[in-house]
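Reading through the structure tokens given below for one structure.
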Amino acid sequence: MAQAYEARTRLCAAHGWPESAVEIVPVLASGDKVLDRPLAEIGGKALWTKELDGWLIENRIDFSVHSMKDVETIRPEQIAIAALLPRADVRDVLVGAGSISQIPPGARVGTSAPRRAAQMLNLRPDLTVVSFRGNVATRLAKLQTGEAEVTLLAAAGLQRLNESGIGRPLDPPQWLPAPAQGAIGIECRVDDEATHMALAAIDDAPTRAQVMAERALLLALGGNCHSPIAVWTRGDGDLTMTARIFSPDGAVKVEAEATFAAKSDGPAELARQLLADAPDAVAVHFAGSQA
């Protein structure tokens, strides 16, 4: 909802509209209904999009607002990514310890994200990962009740909830974010030219260059909700991308970096390099390795 309000504020400011010109329609996603199992076990990223996709395709809403890291790389052909808002802080935040090295030996890390779990176990193989799902308040409450000693949250989400004082940000290159982390995307119907044009006014070009490159990397890797993928992209016209893929237990890490022009084949070439360097313990989790 915070993302929807931000989208409305930017759209109305760009066109000089009153906020009443844009109606916000809450839609409860399946990902918010089932909180006791990891997303990968119950349908993956589509759990955050399928209800909104249906409402959009059925013309019940004119556009939908998403956290782009939760949007599948292959979208319905009737839907277009019409705008990407200026990217917020891409970093993860560690809650419960001042740094990764300060996490107590043998502590429990609460997360259901394969990337966060693998990355943490790669750096601290002595730790144990326990499943954590839910919104920010739910995860913090689980931490308070002792279900884990530390957890990880997205800095962008905390900022949008005015909770940026919580935890300690983890900086690249030690810790890399998820593809498209920190980016809000707005989708509309492909054939709705009026809405597409209205949304184009708030599309941020540097964010689009980075996010579409990261989505291209995901597509080329053949990654899914089970695949631990971390990526950090800098720049605008020319992009520098650092990417890592892991075995789920974090024991094996494969890293590559490249600089390339936006809208080029650079992400696909980087994906091919990662998969070529990946042992079976990592490659088996990526469909791109079978291409």
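The values are calculated or read from the model by the stated rules, or taken from the named source; none is laboratory data. As the structure is a computational prediction, the values presented were derived from the model and not from experiment. Neighbour counts are summed over all protein chains in view; Cβ atoms, including those assigned to glycine, are modelled from backbone coordinates with ideal geometry.
Close contacts from segment 221-241, counting a first residue that is at negative phi and a second that is modelled with pLDDT under 95 and of a type in the set (Phe, Trp, Tyr), with Cβ to Cβ under 6 Å and a gap of 6+ residues or different chains, come to Leu221/Phe286; Gly223/Phe286; Ser227/Phe286. Looking across Asp238, Asp265, Asp191, one residue alone is assigned by TED's automatic domain parsing to the domain that holds Ile57, charged (D, E, K, R) and over 20 Å from the mean Cα position of the chain (by Cα). It is Asp191. Quick check on segment 177-184. Is at least one of its residues farther than 21 Å from Gly223 by Cβ and in contact (Cβ under 8 Å) with a residue 12 or more places away in the chain? Among the residues of segment 177-184, at least one is farther than 21 Å from Gly223 by Cβ and in contact (Cβ under 8 Å) with a residue 12 or more places away in the chain, which makes the answer yes.
Taking the stated definitions as given, is Ala180 closer than 21 Å to Leu239 by Cα, surrounded by 16 or more Cβ atoms within 10 Å (Cβ to Cβ) and touching a helix residue (DSSP H, G or I) at 6+ places or on another chain (Cβ under 9 Å)? Taking the combined requirement at face value, the residue satisfies it.
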